[in-house]
Structures are given as structure tokens and as C-alpha cells.
Amino acid sequence: MRTVYVNGQWLPEDQATVSVFDRGFLMADGVYEVTTVIDGKLVDFQGHVARLERSLAELDMPSPAKADELLALHREIVARNGVVQGRVYLQVTRGNPGDRDFTFPDPAKTAPTLVMFTQMAAAPEDSAEAKRGLKVIAIPDIRWHRRDIKTVQLLYPSMGKMMAKKAGADDAWFIEDGLVTEGTSNNAWIVRGGKLVTRGLSHDILHGITRAAVLRYAAEAQLQVEERSFTLTEAQAADEAFVTSASAFVMPVVEIDGVPLCGGRPGPVATRLREIYLEESRKTAI
Ligand code: PDD
């Protein structure tokens, strides 16, 4: 049984609870982060904390802890649960004001809720998905227009994954005005003539921490990158495609809305970037 963190307490997972009046539960008034653990260490922790602080600030939500305290909590939860390969999930909500009310509670009277738990995963090298690659379908992006804030409003992304499953695929890419925004829980990339293409940062997509790392590593490997939007048609005509996220790392995409890429197999650039990402993450994890 896992040990879970809830507002200053370490509890067995079956005893870890929050109030029915918690605004995360009633209003999806909460933000989250998922940090990868490789070899018992945290990958890109500084990036995740910086994005968490940004999400909180954008929503005028009080912060439950400082960055160094969060690092200590992350390390403690990894140790308490003996996580070697996996992730730490962290969620902050605007807390429990004791009743349901649309207006925000006074932060002096209602403290934010902080919950953390761990998830185990297979070693990245053993990923069967990475070896065969993902099939994605295209669906309209009907999410709200502040996708740069990592909120827990994940109903439509969940629906997107279900639509993909129903269609015999693995995941979905969101399309807005004919352009790919991102995947349900990852950033979308294509490779054309050796160049990497991924959408630029704005309110339209989550500013992926893995995306930023891959941009750094691509520059070091002298790969050319274009940060710009691309259409579904351009993606289907690309040499390769892949997605990035803290849980999938660099994950090849082998089919987009029924059109196979690269002979339906993971491409060389995506495969190499996955190796570089894992190598560098092992070196820089803390
Ligand atoms: N999802 N875009 C969306 C919509 C996401 O939900 C995520 C992450 C990403 C990639 O961000 P990062 O590289 O920082 O993980 C992009 C997490 C992993 C999740 O919901 O489980």
C-alpha cells in the first residue's frame, strides 16, 4: 500500500481523504504536476515547480509550500514508497471553504489543499509502446482557452482518450482552426526533412517541461527546430511524428488519423531523441 501526502500528513492510501467541499472536487479549482522518477531521482524538478508556481499565480491561488519544501516532500514520498521508476503526482486546490460557493474563499481563512502520491512504472527502456509507436486520431479541440495553466479539468482529454480507444487507436491529437494544438496529455511534434516542428508557446497549449528539454537537447545535437503550428495534413505527410510528456518521455507516433507514417514503425529521429532524452535525464535528475 502506498503512503500518500495530504496537507502535512503521511497516510496509508486508503485513509487519505479530502473534504466533499474541497474546491478541487466541486469546481475543478486545482492545478497539478507530474514529475518523472528515474533511478529514484526526480527529472526536471525545477521546471515542474516553476510551472506550478506560474499556474497558481495565473489563478490567484495561494501556494501551499515553497520550492525547497516541495523538493523535500518529493524526495520523501519517493523514499517512503521506494519508487525507482515512476512518477510523483502533486495537486494543489483552493481548499475547503466549508460550503459550495462560486466566489473564491478568502485565502486568509481557507488554506490550499496539497495532495501528493506516487505511481510506479516500468523502466523506460522496457516500454512496449515506444517499440511499436502510437496510433493517434484527430479530434476537435473544444477545451477552454487557458491550456497553458495545468488545471485538473481533464474531462475532455479523458473523453479524447476514450474516443481514441473506441477507434482502435492509442491517443488523440486536438485540432483547432485546422491546426494541431497538442495531444490529450502530451505535446505534438513532427519531423520533416530532418527538421523538428512543434507548435510555439501560447495560451493554446501546455508549456511542456519535456518539450522544453527536448528543444535543448535537439539544439545540442545540432538538429534544426521550427516552433510553429502545423496542419493535420502536414502531419500526415511528415517523415515522422512523436509526442512528449513527463510520463511518455519521447514517444513515437506511427499513425495519424488512419495514415501510417514511416512505414508504420517508429522513426529514427524519434527513436534517437528518446535515447538522448533518457540519457540526459539520468545525468541531470536530482
Ligand atoms: N500531462 N500537454 C498536455 C495537455 C498535458 O497534459 C501534458 C502533460 C503535456 C506535457 O507536459 P510535460 O512534458 O510537462 O509532462 C502537454 C501529464 C503528464 C499528465 O496529465 O499526466
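How big is the Kirkwood radius of the range 128-284, worked out from every pair of different alpha carbons and given in Å to one decimal?
Kirkwood hydrodynamic radius for the range 128-284: 15.4 Å.
Per residue of the chain, the DSSP helices (runs of n ≥ 4 H) give a summed -39500 (n - 2.57) that works out to -9000 deg cm²/dmol at 222 nm.
Using Cα springs under 10 Å in a Gaussian network model of the chain, which residue among His48, His203, His74 shows the largest mean-square fluctuation? Its mean-square fluctuation being the largest, the pick is His203.
With both labels modelled 7 Å from their Cα along Cα-to-Cβ, the Lys195 to Ala128 distance reads 3.8 nm. Ordering Ala221, Ala172, Ala248 by Cα displacement along the dipole of the range 128-284 toward the positive end leaves Ala248 in first place; charges were set at the Cβ atoms of Lys, Arg (+1) and Asp, Glu (-1).
Sequence gap at least 6, Cα distance under 8 Å: using those rules, report the relative contact order of the range 128-284 to the nearest whole percent. Display every interim value, and only then the final one.
Working: 302 pairs, mean separation 39.9, N = 157.
With pairs under 8 Å counted, the relative contact order is 25 percent.
Given +1 at the Cβ of Lys and Arg, -1 at the Cβ of Asp and Glu and no other charges, the dipole of the chain around its Cα centre is 320 debye to the nearest 20. Here the Kirkwood formula, the inverse mean of 1/r across different C-alpha pairs, assigns the range 3-121 a hydrodynamic radius of 14.7 Å.
For a straight C-alpha distance cut-off of 30 angstrom, the lysines reachable from Lys41 (same-chain residues fewer than eight places away being disregarded) are Lys66, Lys131, Lys150, Lys161, Lys283. Phi-derived couplings, Karplus 6.51 cos²θ - 1.76 cosθ + 1.60 at θ = phi - 60°, listed residue by residue for the range 216-222: 5, 5, 5, 4, 4, 8, 6 Hz, with x used for Gly and Pro.
Backbone geometry of the range 257-265 corresponds, through the Karplus equation with coefficients 6.51, -1.76 and 1.60 at θ = phi - 60°, to 3J(HN,Hα) couplings of 6, x, 9, x, 10, 6, x, x, 10 Hz, x marking Gly and Pro.
Using the heavy atoms of the protein chains alone and a 1.4 angstrom probe, what is the accessible area of the range 128-284 per residue in square angstrom?
Details: 6920 Å² over 157 residues.
Normalised by residue count, the accessible surface of the range 128-284 is 44 Å².
Near Glu182, the amide H atoms lying under 5 Å from its own belong to Phe174; only residues 5 or more places off or on other chains count, and H is placed 1.01 Å from N. Straightening the chain between Ile286 and Val18 buys 93.5 nm, computed as 0.36 nm per residue apart minus the Cα-Cα spacing. What percent does the relative contact order of the chain come to when contacts are Cα pairs within less than 8 Å and at least six residues apart? Taking the mean separation of contacting Cα pairs over the length of the chain, I get 19 percent. Amide H contacts for Ser229 (H built 1.01 Å from N in the peptide plane; partners 5 or more residues away or on another chain; cut-off under 5 Å): Gly200.
The alpha carbon radius of gyration of the chain, expressed as a multiple of 2.2 N^0.38 Å, is 1.02.
Give me the net charge for the shell around Gln153: Cβ to Cβ below 11 angstrom, other residues only, Lys and Arg +1, Asp and Glu -1. Walk me through the numbers on the way to the answer.
Numbers: positive: Arg143, Arg146, Arg147, Lys150; negative: Asp29.
Charge balance near Gln153 sits at +3.
Quick one: if the Förster radius is 51 Å, what FRET efficiency do Leu59 and Arg265 give, using the C-beta to C-beta distance and rounding to 0.05? Plugging the Cβ-Cβ distance into 1/(1 + (r/R0)^6) gives 0.75.
Please report, as a whole percent, how much of the solvent-accessible surface of the chain comes from carbon and sulfur atoms (probe radius 1.4 Å).
Details: 7140 of 13320 Å².
Reported share for carbon and sulfur atoms: 54 percent.
Build a GNM of the chain with springs between Cα atoms under 10 Å apart, and of Gly160, Gly82, Gly95 the one that fluctuates most is Gly82. Between Gln85, Gln236, Gln224, the residue with the greatest mean-square fluctuation in the GNM of the chain (Cα pairs under 10 Å linked by springs) is Gln224.
The values are calculated or read from the model by the stated rules, or taken from the named source; none is laboratory data. Only a predicted model underlies this, so the values are computations on that prediction, with no experimental measurement involved. Backbone-built Cβ (ideal geometry, glycine too); neighbour counts: all protein chains shown. The protein model used for the area step is the full one, side chains on, heavy atoms only, and it has no ligands, DNA or RNA in it. Shrake-Rupley method; radii C 1.70, N 1.55, O 1.52, S 1.80 Å.
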